[in-house]
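Note sheet for the following structure.
FYI, it's all coordinate maths here, none of it is from the lab. As the structure is a prediction and not an experimental result, all values here were calculated from the model. With ideal geometry, Cβ positions are generated from the backbone for all residues, glycine too; neighbour counts draw on all protein chains shown.
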Amino acid sequence: MKRLALVAGPVALALVYLVAQFLVPDGARDRFFVVEVATMKILALTGCIVAASRYRLSEYVGIAWTLLGVHYGVLLANDLLFGPVVHLPGVVGHKADVLRAVCIIVANAAGGACAIMLARVWRAAGLIFPGSSAWQRAAVFLGMAVALAVVGWGMWRDLQSLVAGDPVAITAVASDLGDLVGFSMIAPLLLVAVAMRGGSLAWPWGLITASYIFWLLYDMTWSFHAQMSLREPTFLSLVELWRCLACGFAASAGLAQRWASRARTD
Amino acid sequence: VAATPHEMIYRELEHYLGPHTAKTALKVFADKSVGKRPEEINRLDAPKLLQALRPMLRTLIGATQCDLVLSQLTRELSL
């Protein structure tokens, strides 16, 4: 029942979001999305804290969840303190750009490091992956190719802007790099979850993989919305739906991590 | 029929790691710690095997839970 709730919770949350955004009048959409984005990040951050608190700070999995917490926490602080809609008094223009860039760089470095750590937990634990290593390598390369296909074009464009002297582009490049690393880890994370199927630890890894898949869809929608002929208000509603699911599944994964390390009860 | 040491350890690992990984882990760590196959492990070998499993369990479920699991196994195995 608890495990079903871990999947049903984020889906229910996404349905609530869909209904709510449909009911919001046009003039209030900007404020609605500020509240929605902050709520989702708070939820994901809470999940990370719940997971990390099960471990000592120096323990491998505890460090990984702390890093993911830093990722969501810094992004949340960025939105609420230096965002274009909500910000501290006087924090506008160049000053806001610099502070936003710092937040995005720190958040993406922490998020990328967490994804790598969770994907490499097998090695850290001294375990040997069951099954064929050729299949595992193929899955990892396929995942990296998909990540590159989704992020690559935007990253190339952002790098060109950076080289051309646009300092704000560094924020986009940092975000692209974080996404590239995170999405490249989807296949290794999924392999860990599949290898532990039937065990309690399969849940956090499965759910965090789901979270990264929804972030991938979020990025895909941003990257290819022109080709998909997506326009407002459908475009923003769709990307925020992916965000809801990504943050919801990150929160579920954190909860699952805490439950997974409990003792056998039979 | 009383469970053998390897069955008792497997049952505990299976809860966290699932049947496939628990089986692989038991095989790898039994070989590393006492140079035996899991089904050949006896009560005298068990402490060494439990010590070998400690870093893996600490990484995955944390030190506190790892200590609880290993203490419980030590009691169940009457070591």
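Using R0 = 51 Å, the C-beta based FRET efficiency linking A:Leu162 and B:Arg54 works out to 0.60. With Cα atoms defining each centre, region B:42-79 and region A:185-261 are spaced 34 Å apart in the structure. Summing +1 for each Lys or Arg and -1 for each Asp or Glu, what net charge is found among the other residues whose Cβ lies under 11 Å from the Cβ of A:Ile170? Once positives and negatives cancel, what remains is -3. For the charge dipole of the protein assembly as shown, defined by +1 on Lys and Arg C-beta atoms and -1 on Asp and Glu C-beta atoms about the Cα centroid, which residue among A:Ala44, A:Leu159, B:Asn42 has the Cα displaced farthest towards the positive pole? Of the candidates, B:Asn42 comes out farthest on the positive side.
For peptide A:198-207, the mean count of partner chain Cβ atoms within 10 Å of a residue's Cβ comes to 4.
Each Lys and Arg Cβ is given +1 and each Asp and Glu Cβ -1; about its Cα centre, the protein assembly as shown then shows a dipole of about 1000 debye. Here the relative contact order of chain A, from alpha carbon pairs under 8 Å that lie six or more residues apart, stands at 27 percent. Charge dipole of chain B (Cα centre as origin; +1 on each Lys and Arg Cβ, -1 on each Asp and Glu Cβ, all else neutral): 180 debye, rounded to the nearest 20. Helix check for chain A. Which DSSP H runs span at least 24 Å along their own axis by Cα, with a mean Kyte-Doolittle hydropathy no less than 1.0? Helices meeting the criterion: A:2-23, A:29-52, A:60-82, A:93-119.
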